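Heads up, the thing below is written out as structure tokens.
The values are calculated or read from the model by the stated rules, or taken from the named source; none is laboratory data. Just so it is clear, the model here is predicted, and its values are computed rather than measured. Virtual Cβ from ideal backbone geometry, glycine too; neighbours counted across all protein chains shown.
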């Protein structure tokens, strides 16, 4: 795998694992100035970031007036923040019908279902134009959408069935992993929130952790074989 391919893979994993980012929108109160805020998201089956936003929030007010915005996600860690991975994108954020992605969103953030059903929160989909990756010193480069965005081939029903199977067959074995053991310190049970060709996302209360797959599983059959072979 070339250096560019390694960086693109790292950027995709960061976008899939961060699940929150800094939205930079065009201020409606102070035209010409950016406004930054933090918002959670998931990746929909089309690979695009999906947000659930309050109609009362400032960033929603801003994108309703001008959909152009920026999204920044960064790798957690201590020490020199400039040595950690960062992925920036410019694009547009607009209201959308979530379809099957609504149920996926609520698996990651179950407490937000009430926000949507009773408080009028709306779904917005981010459509990027271009990505900029910085994985540390001298690694900055631009990537097109074709290198970062990946549609999820596991349809909603397939993903739900895979989650049921993994919960029964694989989740007990995952408990020995250090990142999972750290999550278990919470009182909430660990659940599988989502599956895509490059990783499996787990949730414990409000915390999430991503387990990257050792290879890309681009079909249900490929993922099942990986499970049998020891993914």
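So here's what we get for this one:
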item: Those residues of region 134-144 which are closer than 14 Å to residue 5 by Cα, touching a residue at least 12 places away in the same chain (Cβ under 8 Å) and either outside the structural domain of residue 91 (by TED's automatic domain parsing) or over 20 Å from the mean Cα position of the chain (by Cα) (or both), in sequence order; result: 139, 141
item: Total residues in region 105-137, condition modelled with pLDDT of 95 or more and under 24 Å from residue 70 (Cβ atoms); result: 18
item: So residue 160, is it surrounded by fewer than 18 Cβ atoms within 10 Å (Cβ to Cβ), assigned by TED's automatic domain parsing to the domain that holds residue 205 and without any contact (Cβ under 8 Å) to a residue 60 or more places away in the chain; result: yes
item: Unique residue being touching a helix residue (DSSP H, G or I) at 6+ places or on another chain (Cβ under 6 Å) and free of Cβ contacts under 8 Å to residues at least 12 places away in the same chain when the list is 106, 121; result: 106
item: Residue 40 closer than 20 Å to residue 143 by Cα and in contact (Cβ under 8 Å) with a residue 24 or more places away in the chain; result: no
item: Which numbered condition residue 5 misses (of (1) closer than 20 Å to residue 197 by Cα; (2) exposed (fewer than 14 other Cβ atoms within 10 Å of the Cβ); (3) modelled with pLDDT of 95 or more); result: (3)
item: Total residues in region 77-90, condition part of a strand (DSSP E or B) and more than 15 Å from residue 20 (Cα to Cα); result: 1
item: From the options 67, 34, residue that is without any contact (Cβ under 8 Å) to a residue 40 or more places away in the chain, surrounded by 16 or more Cβ atoms within 10 Å (Cβ to Cβ) and out of contact with any helix residue (DSSP H, G or I) (no Cβ under 8 Å at 6 or more places or on another chain); result: 67
item: All positions within region 50-70 that are touching a strand residue (DSSP E or B) at 6+ places or on another chain (Cβ under 9 Å) and within 15 Å of residue 112 (Cβ to Cβ); result: 50, 51, 52, 53, 54, 55, 57, 60
item: Residue within region 96-110 that is under 18 Å from residue 63 (Cα atoms), loosely packed, with under 14 Cβ neighbours inside 10 Å and under 19 Å from the mean Cα position of the chain (by Cα) present; result: yes
item: Any hit, region 91-98, residues being without any contact (Cβ under 8 Å) to a residue 12 or more places away in the chain and outside any strand (DSSP E or B); result: no
